[in-house]
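Q: Let me give you the structure first, and then I'll get to my questions.
The values are calculated or read from the model by the stated rules, or taken from the named source; none is laboratory data. Bear in mind the structure is a predicted one, so any value in this text is a computation, not a measurement. For neighbour counting, all protein chains shown are included, and Cβ atoms are generated from backbone atoms with ideal geometry for every residue, glycine included. Just so you know, the surface numbers come from the protein's heavy atoms only, side chains and all, with ligands and any DNA or RNA stripped out. Shrake-Rupley method; radii C 1.70, N 1.55, O 1.52, S 1.80 Å.
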Amino acid sequence: MSDVPALDPLLEQRRSPSVFDPEHSLTRPELMSLLEAARWSPSWGNTQPWRFLVGLRGDATHALIVETLTRGNLAWAPAASAILIGLRQVAALPDDPKGELRTYDYTAYDLGQAVAHLTVQAASLGLDVHQFAGFDHAALAATARVPDHLQPVAGIAIGRWWPETERHGVDPAIEAKEQRPRQRRPAGELVL
Ligand SMILES: Cc1cc2nc3c(=O)[nH]c(=O)nc-3n(C[C@H](O)[C@H](O)[C@H](O)COP(=O)(O)O)c2cc1C
């Protein structure tokens, strides 16, 4: 495999940390840069069928999101500087009743790709991202008044990884999760 070109460092170094620096804040320009990366992602018919809820630690949207986290995610995600919720379009936009989208089959794909772009942009800014599905989707849709044409899909915790030399008071279970080795299927399994 030595003749295989190395992954770009942004991809190679990306991982989903579970220990975020609870003092770090995301700046507005950084947030806008992440949303810009998502904005320029490709999509079916260029329909861009994704939206985001944006919660910055300490604000009301963040609090709403935190209330819906599963117990496992409650132990680490609130420390992130921001939590976004990725929403995909599942019905026509209210101002487009005829439906610009002829199919919603690709909206989850498109949202995922937009978030992948956001994740790479985050890495280029020295930020870390940990996506998660573990939250009460229906409860969040209700409390955040998500319109019916959008469906919450995944949470996107963004912040700065808290280095071992600086961190303190981290839940031992989260510390163990953080130390777990990362694994992947062999590349040969990806090709049918
Ligand atoms: C759609 C999706 C849902 C996920 N749900 C959770 C979750 O609820 N809790 C969690 O701790 N991690 C969650 N993850 C993170 C994955 O477990 C993680 O990406 C995977 O273990 C690979 O690790 P890596 O990102 O460090 O390479 C999720 C990731 C994705 C893309």
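Q: According to the square roots a ≥ b ≥ c of the eigenvalues of the Cα gyration tensor, what is the shape class of the stretch 2-108, taking rounded for a/c under 1.5, prolate for a/b larger than b/c otherwise, and oblate for the remainder? Numbers along the way, then the final one.
A: Working: a/c = 2.03, a/b = 1.19, b/c = 1.70.
Judged from the Cα gyration tensor, the stretch 2-108 comes out oblate (a/c at least 1.5, b/c at or above a/b).
Q: To continue, here is another question. Quick one: how many Å² of Arg160 are accessible to a 1.4 Å probe, rounded to 10?
A: Per-residue accessible area (Arg160): approximately 70 Å².
Q: Of the peptides 118-125, 175-182, 60-67, 10-17, how do they stack up when ordered by the mean number of other Cβ atoms within 10 Å, highest first? Walk me through the intermediate numbers first.
A: Details: 118-125: 19.1, 175-182: 10.8, 60-67: 16.6, 10-17: 13.2.
The densest-packed peptide leads the list: 118-125, 60-67, 10-17, 175-182.
Q: Once neighbouring chains are kept in place and the probe is 1.4 Å, which whole percent of the accessible area of the stretch 26-160 is contributed by carbon and sulfur? Present the calculation step by step, with values, prior to reporting the outcome.
A: Numbers: 3550 of 6540 Å².
Answer for the stretch 26-160: carbon and sulfur cover 54 percent of the accessible area.
Q: Under the Karplus relation 6.51 cos²θ - 1.76 cosθ + 1.60, θ = phi - 60°, what is the ordered set of whole-Hz ³J(HN,Hα) values for the stretch 61-75, x standing for Gly and Pro?
A: 5, 4, 4, 4, 5, 4, 4, 9, 5, 5, 4, x, 7, 4, 6
Q: If you roll a 1.4 Å probe over the heavy atoms of the protein chains, what accessible area per residue do you get for the stretch 1-153, in Å²? Numbers along the way, then the final one.
A: Values: 8360 Å² over 153 residues.
That works out to 55 Å² for each residue.
Q: Same structure again: For the chain, what are Rg and Dmax over the alpha carbons, in angstrom?
A: According to the Cα coordinates of the chain, Rg and Dmax are 17.7, 56 Å.
Q: What does the helix-only formula give at 222 nm for the chain: each DSSP H stretch with n ≥ 4 adding -39500 (n - 2.57), the total divided by the residues, and the result rounded to the nearest 500 deg cm²/dmol? List each step's numbers first, then the result.
A: Values: 7 runs with 61 residues, N = 192.
For the chain, the value works out to -9000 deg cm²/dmol.
Q: Here's another thing I want to ask about it. What distance in nm lies between label points placed 7 Å from Cα along the C-beta direction at Gln13 and Tyr106?
A: In this crude label model, Gln13 to Tyr106 measures out at 3.4 nm.
Q: If you rank Glu189, Glu36 by how much accessible surface each has, with a 1.4 Å probe, what is the order from largest down?
A: Details: Glu189 110, Glu36 75 Å².
Descending order: Glu189, Glu36.
Q: Can you pull a Stokes-Einstein diffusion coefficient for the stretch 24-74 at 25 °C (0.890 mPa s), Rh from Kirkwood over Cα pairs, as a whole number of µm²/s? Please list the in-between numbers first.
A: Values: Rh = 13.1 Å.
Reported coefficient: 188 µm²/s.
Q: Ordered by residue, what ³J(HN,Hα) values in Hz, to whole numbers, does the stretch 138-153 give under the Karplus form 6.51 cos²θ - 1.76 cosθ + 1.60, where θ = phi - 60° and Gly and Pro are x?
A: So the Karplus estimates, Gly and Pro as x, are 5, 5, 5, 4, 6, 6, 8, 6, 5, x, 4, 7, 10, 10, x, 10 Hz.
Q: Turning to a different aspect of this structure: Using θ = phi - 60° and the Karplus form 6.51 cos²θ - 1.76 cosθ + 1.60, what ³J(HN,Hα) does each residue of the stretch 172-187 get, whole Hz, x for Gly and Pro?
A: The phi angles translate into x, 5, 6, 4, 5, 4, 5, 8, 4, x, 8, 9, 9, 5, x, 4 Hz.
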